[in-house]
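First up is the structure itself, then whatever we jot down about it.
The values are calculated or read from the model by the stated rules, or taken from the named source; none is laboratory data. The shown structure was predicted, so the numbers you read here are calculated from the model rather than taken from an experiment. Reconstructed Cβ throughout: ideal geometry from the backbone, glycine too, with neighbour counts over all protein chains shown.
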Ligand code: FPP
């Protein structure tokens with residue numbers, strides 16, 4: 001299929017570089033995560049101005065449990081604090097928030113807040129913010145395959161019905177369009193298990209800025225640059 005569509009309707013961001021940002025200032029890594037959390041609001045607010053309907057952010061990966069206990073516990077506290085502090089504002093600003101990732105390993109108190117925020121913002125549609133916590137692309141596809149196999153076992157589905165579209169319905173992201181643009185901050189050119197299935201045709205931008213320094217100006221520039229690219233989805237331009 002060829003397309004001349006130039007809109008980055010869905011942008012996904014790997015918010016990297018918080019630790020280095022803090023270390024450069026001689027501060028603990030957690031302080032970098034706090035500074036990073038503060039950047040989110042401005043980027044979400046910029047989305048409607050540049051035609052971004054969906055913003056998906058990578059907050060904690062299935063691999064991030066390998067960090068020190070202090071950092072992991074600090075991040076979990078930060079997620080809870082962020083949800084409590086931002087809830088009313090997100091409701092008022094028309095942001096619909098949803099979470100992706102495996103909730104099984106998360107503390108009950110965090111999961112309860114995630115549910116509360118999803119419910120409180122369920123009627124909003126100005127911007128769709130999806131936050132990935134305990135998310136990994138391989139883990140997501142594995143969990144989807146398990147649920148799909150279960151449905152086949154139960155006779156709800158035949159193996160011959162399985163195709164890419166059916167499998168995508170079992171993914172955490174079943175409610176989302178595929179990302180058009182994936183941005184990673186802090187100079188690393190890796191996708192680190194983020195939206196592996198969904199990013200098959202996404203454009204990537206790897207930029208040097210550390211996440212706590214990422215501004216709406218830079219976001220606007222990257223989205224505008226995307227608008228000038230040709231996307232062919234493996235076909236030819238018509
Ligand atoms: C990567 O930086 C960042 C993370 C693992 C955490 C991302 C979390 C936030 C931006 C803040 C909280 C988010 C929400 C949704 C409230 P890094 O620690 O790997 O940085 P480094 O590569 O410099 O060490």
I'd like the full set of residues that are outside any helix (DSSP H, G or I) and over 18 Å from the mean Cα position of the chain (by Cα), limited to segment 101-123.
104, 105, 107, 123
Cβ contacts < 6 Å: first residue under 16 Å from residue 175 (Cβ atoms) and without any contact (Cβ under 8 Å) to a residue 40 or more places away in the chain, restricted to segment 50-66; second residue part of a strand (DSSP E or B) and more than 7 Å from the ligand (Cβ to nearest atom), any location; separation 6+ or different chain. Result?
none
Checking the conditions here, which among 39, 98, 27 is within 13 Å of the ligand (Cβ to nearest atom), modelled with pLDDT of 95 or more and in a helix (DSSP H, G or I)?
39
For residue 93: the one exception among (1) without any contact (Cβ under 8 Å) to a residue 60 or more places away in the chain; (2) surrounded by 18 or more Cβ atoms within 10 Å (Cβ to Cβ):
(2)
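I need a count of the residues in segment 47-79 that are within 9 Å of the ligand (Cβ to nearest atom) and under 16 Å from residue 117 (Cβ atoms).
The number of residues fulfilling the criteria is 5.
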Cβ-Cβ under 8 Å, sequence separation 6+ or interchain: first residue in segment 68-79 and part of a helix (DSSP H, G or I), partner at pLDDT 95 or above and surrounded by fewer than 14 Cβ atoms within 10 Å (Cβ to Cβ). Which pairs?
72/65
So, of the residues in segment 8-24 that are in a loop (DSSP other than H, G, I, E, B) and surrounded by fewer than 20 Cβ atoms within 10 Å (Cβ to Cβ), which turns out to be farthest from the ligand (Cβ to nearest atom)?
9
Unique residue being in contact (Cβ under 8 Å) with a residue 24 or more places away in the chain and on the phi > 0 side of the Ramachandran plot when the list is 134, 124:
134
Mind checking which residues of segment 150-177 are within 24 Å of the chain's Cα centre (by Cα), surrounded by 10 or more Cβ atoms within 10 Å (Cβ to Cβ) and free of Cβ contacts under 8 Å to residues at least 40 places away in the same chain?
166, 167, 168, 169, 170, 171, 174
Of all residues in segment 186-204, which are more than 13 Å from the chain's Cα centre (by Cα) and buried (at least 18 other Cβ atoms within 10 Å of the Cβ)?
186, 202
